[in-house]
Amino acid sequence: MKATLDLEQLREVTFDDPELMHDILVALINDTSRQISLIESALRLGDSPQCKRLAHYSKGACANLGASAAAELLRSIEQHAAAGRFAECAASLAALAAEVDRLRAEVPPTSA
C-alpha cells in the first residue's frame, strides 16, 4: 500500500505554507469523511453509478494533495463499483475509513 501522506506533494501544492497545509488537509479529511458516508448509502441502495461517481470525485482530491493510500483505495472502490462488486467496495470502504484516521494523525499543527 502507498504512503498515507506524501508531505512533499502537499508542500508543493500549498507553497510550503504550514497554515494552508493544515487547512487544506483538514478540509480533505472532512470532505472524504462525508464522501465515505455517501458511498455507504450508495452501497446500501446498490447504486453502482453513484458509488463510482462519489469514489471518483474523492480519488482526485486525495491524489492531488498527496493522500496516496486513500486515493488508491478510492480507485479500488470506483473499479469494484463499476463491476457491481459491492462486497469488495465495502471492504475497501472500511480500509478507507481507517486510512482517513491515519491521515487525521498526520495533520500538521498550526501556529495559531
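Taking every DSSP helix (H) stretch of at least 4 residues in the chain, weighting each as -39,500 (n - 2.57) and dividing the sum by the residue count yields a mean residue ellipticity at 222 nm of -26500 deg cm²/dmol. If a spin label sat at a point 7 angstrom from the Cα of S37 along the line to its beta carbon, the backbone N atoms of the range 75-112 nearer than 17 Å would be those of 94, 97-98, 100-101.
Each label point was placed 7 Å from the Cα along the Cα-to-Cβ direction; for R44 and D101 their separation is 2.1 nm.
None of the figures in this text is laboratory data; all of them are computed from the coordinates on show. The model shown is predicted, which means the values in this text are computed figures rather than measured ones. With ideal geometry, Cβ positions are generated from the backbone for all residues, glycine too; neighbour counts draw on all protein chains shown.
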